[in-house]
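Notes to accompany the following structure.
Every number here is computed from the coordinates shown, using simple stated rules; none is lab data. These figures come from a predicted structure and were not determined experimentally. All Cβ positions, even for glycine, are placed from backbone atoms using ideal geometry, and neighbour counts span all protein chains on display.
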Amino acid sequence: MTAFESTMPERTLSDNGSLGSVLADREPLGQKTNAIRWLQKQVMRKARELPTDFHSQADWESYRDRIRSELPAVIGIPEFPPLRESLIRAHIQVGADIICERVDVYVDEDYAIPTFVFLPAESAGRRMPGLVWNPGWPEDKWKPAYQAFAMRMASQGFVILLLDHAPFGETSPMKDKADMGMSLLMGMGDVLGISQLGMWAAETMRAGEYLRARADVDETRVAISGLCQGGMDTWLVAALDERFCAAAPLCAATTFVIHMVEMASYFANADSSPFPFGILNVCDIQHLHAAIAPRPLLVRANLGDQWWPVSGFNEIERMTRQVYRLYDAEDQIDFRAEVHEHNLTGPFADALESFLLQYV
């Protein structure tokens, strides 16, 4: 008997003497030395334990409240001290009728979030709607498309905040932010119990607090949006923080189980930043989209983004629509996939503008 045969159960081999029949319902033995495959199976098992259907508001809200109660500690969302006055470094006119303020949004005595805030030069004496925009990986507030969109909305009476998420933009001094900066951020965060996505969530919540505290902003009309990892930040924060009146995650629609099982067969991200530790012990991405209910929600996927496998899009839409129907609010959501560049331009910018003008 060969070593390969000796690993097979004796009773099965004796059924008809065919090794092929033994392997028919098993993976090749080589997979038993594959740590990645073992972890994929744990991901699939954990995902199967999560609820997939909710038949009443009470059933859903019980689970949603558990997400809001448990998830911040599980994935490591840091708690910042109360908001204090933030430093406005510059106040510049851009074009004929737009102001850009360079604002350091207060976190504590050792950290402030660097932002650009675009707003109309004349507010007409009324409080204006606002938007927190989350750049993706490894982007920052200097991206021209984001500034152009901010000016586009400021010309229509909005206050738009573009922030730098750690470690990008002005939040770290090294040139190689996507490699060295991310390694430092995640390494120090991990030993403290703060995931990268948890850090971004805390920064976004603080940016929302800052906008709502401004005298020229209507605190009940501050929305949130972002692209790619900024889209992740959007569906996470909107699910946990009901003070955001509407949410529009762009190019960030799949599930963690699809990320780990399907995408791993053809692509691996440059780092583990999109995957906060322990999240599948509480929920998956579809549950967080659903937790935004019944507030207005715009979701856009991009078929060209292989790092956001479209196989997970249907489950996100299915569960989200099911939960919104519990509130008779399915008309508040808009799901669609596009074929476009990975940027806030074209159909993504147009859809976000229409969404903000309708709901915010």
Discussion item. Using +1 at the C-beta of Lys and Arg and -1 at the C-beta of Asp and Glu, which of PRO167, LEU352, PRO82 has the Cα lying farthest in the positive direction of the dipole of the chain?
Written reply: LEU352
Fill in: Count of lysine pairs in the chain with Cα separation under 29 Å (8 or more residues apart, or interchain)
6
Worksheet item: In percent, how large is the relative contact order of the chain, given Cα pairs closer than 8 Å and 6 or more residues apart?
Response: 16
Fill in: Sequence-distant residues sharing a close amide H with TRP137 (under 5 Å, placed H)
GLN229, GLY230
Item to complete: At most 16 other Cβ atoms within 10 Å plus a DSSP loop assignment makes a site exposed; report the longest stretch of the chain without any exposed trypsin sites (Lys or Arg not before Pro).
Response: 244-360
Worksheet, complete the sentence: Rounded to the nearest 5, the percent of antiparallel DSSP beta bridges in region 57-359 equals 50
Worksheet, complete the sentence: Under the Karplus relation with 6.51, -1.76 and 1.60 and θ = phi - 60°, whole-Hz ³J(HN,Hα) for region 123-132, x at Gly and Pro, equal 8, 6, x, 10, 6, 9, x, x, 9, 9
Fill in: Only Lys, Arg (+1) and Asp, Glu (-1) charged, at Cβ; the chain dipole about Cα centre in debye
200
Practice prompt. With only Lys, Arg, Asp and Glu charged, each at its Cβ (+1 for the first two, -1 for the last two), find how big the charge dipole of region 123-255 is about the Cα centre; round to the nearest 20 debye.
Written response: 480
Practice prompt. Going by C-beta contacts inside 10 Å, put ASP331, ASP284, ASP97 in order with the fewest on the left.
Written response: ASP331, ASP97, ASP284
Practice prompt. Would you mind checking the tilt of helix 57-75 against the longest principal axis of the Cα atoms of the chain, expressed as 0 to 90 degrees and rounded to 10?
Written response: 90
Discussion item. Less than 20 Å from a label point 7 Å out along the Cα-to-Cβ axis of GLU122: which backbone N atoms in region 142-161 qualify, by residue?
Written reply: 151-160
Response to the item:
Here, GLU109 and LEU50, labelled 7 Å along Cα→Cβ, have an inter-label distance in nm of 4.1
Response to the item:
Taking TYR266, TYR359 and counting other beta carbon atoms within 10 angstrom, the fewest-first order is TYR266, TYR359
Discussion item. Angle check, please: helix 196-213 long axis (alpha carbons) against the longest principal axis of the chain (alpha carbons), in degrees 0 to 90, nearest 10.
Written reply: 20
Discussion item. Rounding to the nearest 10 and keeping the result within 0 to 90°, find how far the Cα-based axis of helix 346-359 lies from the longest principal axis of the chain.
Written reply: 60
Response to the item:
Least to most buried among LEU303, LEU298, by other C-beta atoms within 10 Å and fewest first, runs LEU303, LEU298
Response to the item:
Mean-square fluctuation maximum in Gaussian network of the chain, Cα pairs under 10 Å, restricted to ALA246, ALA291, ALA58, hits ALA58
Discussion item. With Kirkwood's inverse mean 1/r over C-alpha pairs for Rh, give me the Rg to Rh ratio of region 57-359, two decimals please.
Written reply: 0.94
